[in-house]
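Chemist: Below is a structure I'd like to ask you about.
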Amino acid sequence: MTLLEAILLTVITASTPLLIAAIGELVVEKSGVLNLGVEGMMIMGAACGIVAAIATGSGAAGVAAAVLAGMAMAAIFAALTLGLAANQVAAGLALTIFGLGLSGVVGASFVGAQRAGIGKIEIPLLSEIPFLGPVLFNQDPFVYASFALVAGVSWFLTRTRAGLVLRACGESAASAHALGYKVLRIRFFAILFGGACAGLAGAYLSLVLTPFWTSGMTAGRGWIALAIVVFASWLPWRAALGAYLFGGITILQLHAQGAGFRVPPQLMSALPYLITIVVLVLIMRLRRGGAAGPAGLGIPFVPDR
Amino acid sequence: MPASPPLVQAQQIVKRFGALAANDHVDLTVAAGEIHALLGENGAGKSTLVKMLYGLLQPDAGRILWQGAPVVLHGPREARRLGIGMVFQHFSLFEAMTVAENVALALDGDAPLPQVAERLAETSRAYGLPLDPRREVWQLSVGERQRVEIVRCLMQDPRLLILDEPTSVLTPQEAEGLFATLAKIRAEGRAVLYISHKLEEVRRICEAATILRHGKVVARCDPRAESAASLARMMVGSTVLGVKHEPTAPRGKVRLAVAGLSLPPAEAHGVALRDVSLALHGGEVLGIAGVAGNGQDELFAALSGERLAPRAEAVLLDGRPVGRQGINARRRLGAAFVPEERLGHAAAPRFPLSENALLSGHAAGEFLAGGLVRRGRLLGYVDEVTRVFDLRKGSRDPEARALSGGNLQKFTVGREILRNPDVLVVAQPTWGVDAGAARRIRQALLDLAAEGAAVLAISQDLDELLEIADRIAVMFHGRLSAPLPVQGLTQESLGLLMGGSGFPAEDAA
């Protein structure tokens, strides 16, 4: 394996959790709900994922537990914002704080406990393509899942009727309601999907990337995922670009620091944030259309009866 | 001959919102092949009733019969399955989506988009309502948006089409086009339930009418056999007098002048002001007509100082260049402004009326002493507005959002008029206000002008402008026509101008 291949592999592992969480949040926001609790759902996924994996000895059980934990957190958020029409910003922030705290309790007796990561799946033939093969087609299942999510969500939003209805709820809840769509039910499922994705992204952190538990291990990735959604103008492919840009620069600046560049390390660490935002903003400015978010984003909807 | 049952019947419908009975034992019968008018003032319960017919609301009591058989409509989808279609007053369209996507959302089948677009093209051709399926809704004019709504209803092959105030946003010529479509729909044996408060058009196109007042049916009649005045009497319950006004040519000196004002649009979908000039004289009411979204909002913002002009000389107040000054500076020079949106622009919803009076009055009024608010004086001012404009409110100083639309409008207009401004710029002075309040506001504007002040009224309501204005100018695509004396102007001649005739050719496209 060459150095370049090794770098690319680490880029993929750094980018995948961001991408999975961002795609989930993208669907939530397309339905008109702003869930700022990604970080909280993600870390609950990380904690429950590794606890379940160690307890059962099964990686798959860990992943399932992480997804369910993310969805449970999302359900709390949905109960507050849809059921009680609470302010979405406040509820999302509370969810993050709650998740950071609760995950510490859940994982308390597992701090530092190691387990083997989740194995890679080699795709026959494709993985033998020189250079690209081992990088793209000899990966863990999460990476494949993230590719599938981008393609699937993009297809769902633009090509299916259900996707059209979901977008309609995000554009104007009142109009969608007037046409007879169950806005709250649709938003509920979108929020659950977002929670499942955030939980999955969390599982990736504790089961593959590190693979052990420390409290606060999401380290702001949920917030990056949120930012990527906005700067990607709510387009799945652009979100993938943003996630990989961020992951790529994160890894590159590490290597640059290792190579002894005479730049303050704090500045280097800030680079991924700066460059990702600058690039995505530039794309947003250059390309017209799609730049505006869903018109009904963050506005609670209460049907009258 | 055994008569077949009527198409739809509502029997003894009751709907309450809290203590308010929005519908109080309402009966309505619509026969197949008729255009049936549902008349009433704002808040009479018309929208509530049709929402129940479309399954959006559930009646508390009473029942709905469809072709003689009782039905319970749990949602719009069930109503559509029976054959009920509805065109909403505030369009239920999605701005960022294409016409075809908007139509697909209202169809209950699972047809793929290309097929929807094809059927859409077919239907729009059949009814003479041209539409491009690929355009996004925000690019469409108001008339085109309504076409989308009507076409998507017709694609469901409805037996009953409900139209909620369909002409309130159209030019007279666009309304003619709508009437022709409605005639065609009726000729196919479909029924139309037509909600309106425009009495002349109801008399022209409807053969039956049910009139609501305060949630109750007060009359049923054949509008063709009534006069507009008799219909109005049934709607309001008493005789509504028009205001008395003798239009005159401008005599006073010029109080407010705009010279060659051009402004780029403030937002992505906004309108640019292009070379707008006007001269507003003391003692006159100058009306600005136009279809919504042709630059009226932008003109108001430029006159009030919410947006600054590129040159100070572009806006002159009593001869003084104020184009680069903000709204408070202009207020100090004797101007006053009433914006279109009552709640959120003219008044802060959660502030009490006294604080709302302070918001627009602090610059020129006497509500402050050394930077401190003089509460007593503010409350006295609210009392005075209440007395002069007959505000109906629960407490002495309630929050603005607690007032009904008509009462809040009387407050926002009254708050400015009682300061005796030299120049008053008012947008949509009586939009969505009941007849009594509208008359009081119009009379107050005329009285203010009679005392020598200059009044500029921006309105979409041509009847209103023809009633109170001395001269009327028309806005189209950000340009303003020369003002025309109101004598000799008709709905039709104004309608042509509102549609762009007489404006430079490149705008007319």
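Chemist: Which numbered condition trips up B:LEU129, out of (1) crowded, with 18+ Cβ neighbours inside 10 Å; (2) part of a loop (DSSP other than H, G, I, E, B); (3) within 14 Å of another protein chain (Cβ to nearest Cβ); (4) among the aliphatic types (A, V, I, L, M)?
Modeler: So the condition that B:LEU129 fails would be (3).
Chemist: I'd like to verify a number: residues in segment B:245-290 that are free of Cβ contacts under 8 Å to residues at least 24 places away in the same chain and not assigned by TED's automatic domain parsing to the domain that holds B:ALA302, how many?
Modeler: Counting residues in segment B:245-290 that are free of Cβ contacts under 8 Å to residues at least 24 places away in the same chain and not assigned by TED's automatic domain parsing to the domain that holds B:ALA302 gives 1.
Chemist: What tally of residues in segment B:44-76 results from selecting those that are among the small types (Gly, Ala, Ser), within 13 Å of chain A (Cβ to nearest Cβ) and surrounded by 21 or more Cβ atoms within 10 Å (Cβ to Cβ)?
Modeler: Qualifying residue count for the region: 1.
Conditions (1) more than 13 Å from B:GLU416 (Cβ to Cβ); (2) crowded, with 18+ Cβ neighbours inside 10 Å; (3) modelled with pLDDT of 90 or more, marked per residue:
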residue	(1), (2), (3)
B:ARG350	yes, no, no
B:ALA363	no, no, no
B:GLY371	yes, no, no
B:LEU378	yes, yes, yes
B:VAL382	yes, yes, yes
B:LEU391	yes, yes, no
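Chemist: Could I ask something else about it? Scan (1) touching a strand residue (DSSP E or B) at 6+ places or on another chain (Cβ under 8 Å); (2) aliphatic (A, V, I, L, M); (3) more than 30 Å from B:ALA357 (Cα to Cα) for the single condition B:LEU496 breaks and write down its number.
Modeler: Just one mismatch for B:LEU496, condition (1).
Chemist: (1) crowded, with 23+ Cβ neighbours inside 10 Å; (2) within 9 Å of chain A (Cβ to nearest Cβ); (3) assigned to a loop (DSSP other than H, G, I, E, B): which one isn't true of B:ALA79, the others all being true?
Modeler: Of (1) crowded, with 23+ Cβ neighbours inside 10 Å; (2) within 9 Å of chain A (Cβ to nearest Cβ); (3) assigned to a loop (DSSP other than H, G, I, E, B), only one is false for B:ALA79: (3).
Chemist: Could you figure out which of (1) modelled with pLDDT under 90; (2) farther than 19 Å from B:ASN328 by Cβ isn't true of B:GLN443?
Modeler: (1)
Chemist: Among the candidates A:LEU245, A:LEU282, A:LEU254, A:LEU241, single out the residue that is more than 14 Å from chain B (Cβ to nearest Cβ), over 24 Å from A:ILE7 (Cα atoms) and free of Cβ contacts under 8 Å to residues at least 60 places away in the same chain.
Modeler: Checking each option against the conditions leaves just A:LEU282.
Chemist: Which residues, counting only those in segment A:155-178, are of a type in the set (A, V, I, L, M) and facing chain B (nearest Cβ under 8 Å)?
Modeler: In the first step, residues of segment A:155-178 are kept if they are of a type in the set (A, V, I, L, M); the result is A:157, A:162, A:164-166, A:168, A:173-174, A:176, A:178.
Matches in segment A:155-178: A:LEU164, A:VAL165, A:ALA168, A:ALA174, A:ALA176, A:ALA178.
Matching residues to (1) in a loop (DSSP other than H, G, I, E, B); (2) not basic (Lys, Arg):
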{"residue": "B:ARG419", "(1), (2)": "yes, no"}
{"residue": "B:THR430", "(1), (2)": "yes, yes"}
{"residue": "B:ALA437", "(1), (2)": "no, yes"}
{"residue": "B:GLN443", "(1), (2)": "no, yes"}
{"residue": "B:LEU446", "(1), (2)": "no, yes"}
{"residue": "B:ALA449", "(1), (2)": "no, yes"}
{"residue": "B:GLN487", "(1), (2)": "yes, yes"}
{"residue": "B:LEU494", "(1), (2)": "no, yes"}
{"residue": "B:LEU497", "(1), (2)": "no, yes"}
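Chemist: So, in segment A:194-219, how many residues would count as being assigned to a helix (DSSP H, G or I), out of contact with any Leu (no Cβ under 8 Å at 6 or more places or on another chain) and crowded, with 24+ Cβ neighbours inside 10 Å?
Modeler: Result for segment A:194-219: 10.
Chemist: All but one of (1) in contact with a His (Cβ under 8 Å, 6 or more places away or on another chain); (2) surrounded by fewer than 18 Cβ atoms within 10 Å (Cβ to Cβ); (3) farther than 21 Å from B:CYS221 by Cα hold for B:LEU20, so report the exception by its number.
Modeler: Only one criterion in (1) in contact with a His (Cβ under 8 Å, 6 or more places away or on another chain); (2) surrounded by fewer than 18 Cβ atoms within 10 Å (Cβ to Cβ); (3) farther than 21 Å from B:CYS221 by Cα is unmet by B:LEU20, namely (1).
The values are calculated or read from the model by the stated rules, or taken from the named source; none is laboratory data. Since the model is a prediction, treat every value here as computed from it, not as a measurement. So basically every Cβ, Gly included, is an ideal-geometry build from the backbone, and we count neighbours across all protein chains shown.
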